[in-house]
């Protein structure tokens, strides 16, 4: 897969001016594993973002896309995991704290959706605490019971792999299940 590139307007750090930066989004490689783990860890205060071990990232590397700048610095990541040939989950969306607010997250989401649709996903879903953000990106809230049991069991295992202080809120609280609402991904 060749790198998809976009130019986006970004606020220059410590300067009050805007500049255009180039963002490249491509499939992750073994070279990106440490960077992915670093971006996830740098966002560990975000309770909706599940932390993943280096071994888990390596085992699921085929699911990851990464965003880099012109110099190859890893700015963010996202994963697209297929639970069945037609049902894909978008997860592990994270942007390095110093790069947030530059359009990197929406760009990663766009490429994740395109990846799922290119592989003929009929349902694209995610779990979040901020449904308003994802509604702006074309997702709507659904019942968790619209998902196959195997997907729910995988999510339960991922939840239990987190620190215990995240278990109850993630299992019984604030997490919302969202599904893409475009014509290409049908209910």
Within the bounds of segment 161-180, is there any residue that is within 25 Å of residue 23 (Cα to Cα), modelled with pLDDT of 85 or more and not in a strand (DSSP E or B)? no
Hey, could you check segment 47-71 for residues that are over 13 Å from the mean Cα position of the chain (by Cα) and in a loop (DSSP other than H, G, I, E, B) and say which is surrounded by the fewest Cβ atoms within 10 Å (Cβ to Cβ)? 71
Does at least one position in segment 152-162 carry a residue that is touching a helix residue (DSSP H, G or I) at 6+ places or on another chain (Cβ under 8 Å), surrounded by fewer than 21 Cβ atoms within 10 Å (Cβ to Cβ) and farther than 17 Å from residue 47 by Cα? yes
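The values are calculated or read from the model by the stated rules, or taken from the named source; none is laboratory data. What you see is a predicted model; the values in this text were computed from it and never measured. Virtual Cβ from ideal backbone geometry, glycine too; neighbours counted across all protein chains shown.
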